[in-house]
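Asker: Would you mind keeping the following structure in view while I ask a few things?
The values are calculated or read from the model by the stated rules, or taken from the named source; none is laboratory data. Remember, predicted model here, so these are calculated numbers, not experimental data. Cβ coordinates were reconstructed from backbone atoms using ideal geometry, including for glycine residues, and neighbour counts include every protein chain displayed.
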Amino acid sequence: MLVEMDADLSHDPYALPALVDGVRNGADLVIGSRYVPGGATPGWSLKRRALSRGGCWYARHMLSLPVRDATSGFRAYRADALRGIDLGSVEASGYGFQIEMAYRVARNHGRIAEVPIVFRDRVAGTSKMSMAIVVEALSLVTRWGIRDRSRRLPPPVAVPPGLSAVRRGGGDPTPEAA
């Protein structure tokens, strides 16, 4: 299992057990989500919240991603899920990287779950957000979405932690004993 989190203390380490438990319960990727019930972004400006939520909404709809917070950098991956991805071919950097990794796990028939987190403004460091990062993510998501539609790929399906699923051809998750 591998865990990813920001080093600027925006991600609360006390939330780690929920991410780890999600992987232990059968998910290939567990995302610490600001946008599921119980998640929050206290202190964010309306502009920042709109940009983040808008980007996540666009990625979710263009890529049929079964997640609400595709740009969150607080994650736990099953090691085998990452081994199934050609990491050398990853195209994105910045927030696009987060989207691409969730997209690749989903396209590899991985099980993705989200757990709520409270994302606090950084205690140290500075943001790397720039217009170039926004443009990169927007253009990659658009290209991947158009490509998927032309290939008529079935949409991936989300799986809550505690359930395992076999998802072939975009079918519904099948609950099994965890």
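Asker: Mind counting the residues in the range 29-68 that are of a type in the set (S, T, N, Q), touching a Lys or Arg at 6+ places or on another chain (Cβ under 9 Å) and either part of a helix (DSSP H, G or I) or free of Cβ contacts under 8 Å to residues at least 12 places away in the same chain (or both)?
Answerer: Residues meeting the conditions: 1.
Asker: Related question: Output the number of the condition that R107 fails; it satisfies all remaining conditions of (1) under 13 Å from the mean Cα position of the chain (by Cα); (2) within 18 Å of D6 (Cβ to Cβ); (3) surrounded by fewer than 24 Cβ atoms within 10 Å (Cβ to Cβ).
Answerer: Just one mismatch for R107, condition (2).
Asker: Given the residues A102, A137, A50, which is the only one that is over 19 Å from N25 (Cβ atoms), of a type outside the set (S, T, N, Q) and under 16 Å from the mean Cα position of the chain (by Cα)?
Answerer: Criteria check complete, one pass: A137.
Asker: Let me ask another. Out of all the residues in the range 63-91, which are of a type in the set (A, V, I, L, M, F, W, C) and over 14 Å from the mean Cα position of the chain (by Cα)?
Answerer: Passing the criteria: A79, I85, L87, V90.
Asker: Output the residues belonging to the range 92-107 that are in contact (Cβ under 8 Å) with a residue 40 or more places away in the chain and of a type in the set (S, T, N, Q).
Answerer: Across the range 92-107, the qualifying residue is only S93.
Asker: Only residues that are under 10 Å from Y35 (Cβ atoms), out of contact with any Leu (no Cβ under 9 Å at 6 or more places or on another chain) and buried (at least 19 other Cβ atoms within 10 Å of the Cβ): list them for the range 57-70, please.
Answerer: R60, R68, D69
Asker: Would you call A79 surrounded by fewer than 20 Cβ atoms within 10 Å (Cβ to Cβ) and at pLDDT 95 or above?
Answerer: Details: surrounded by fewer than 20 Cβ atoms within 10 Å (Cβ to Cβ): yes; at pLDDT 95 or above: yes.
Answer is yes for this residue.
Asker: Filter the range 1-22 down to the residues that are under 14 Å from the mean Cα position of the chain (by Cα) and either part of a helix (DSSP H, G or I) or free of Cβ contacts under 8 Å to residues at least 24 places away in the same chain (or both) and list them by number.
Answerer: Result: L19, G22.
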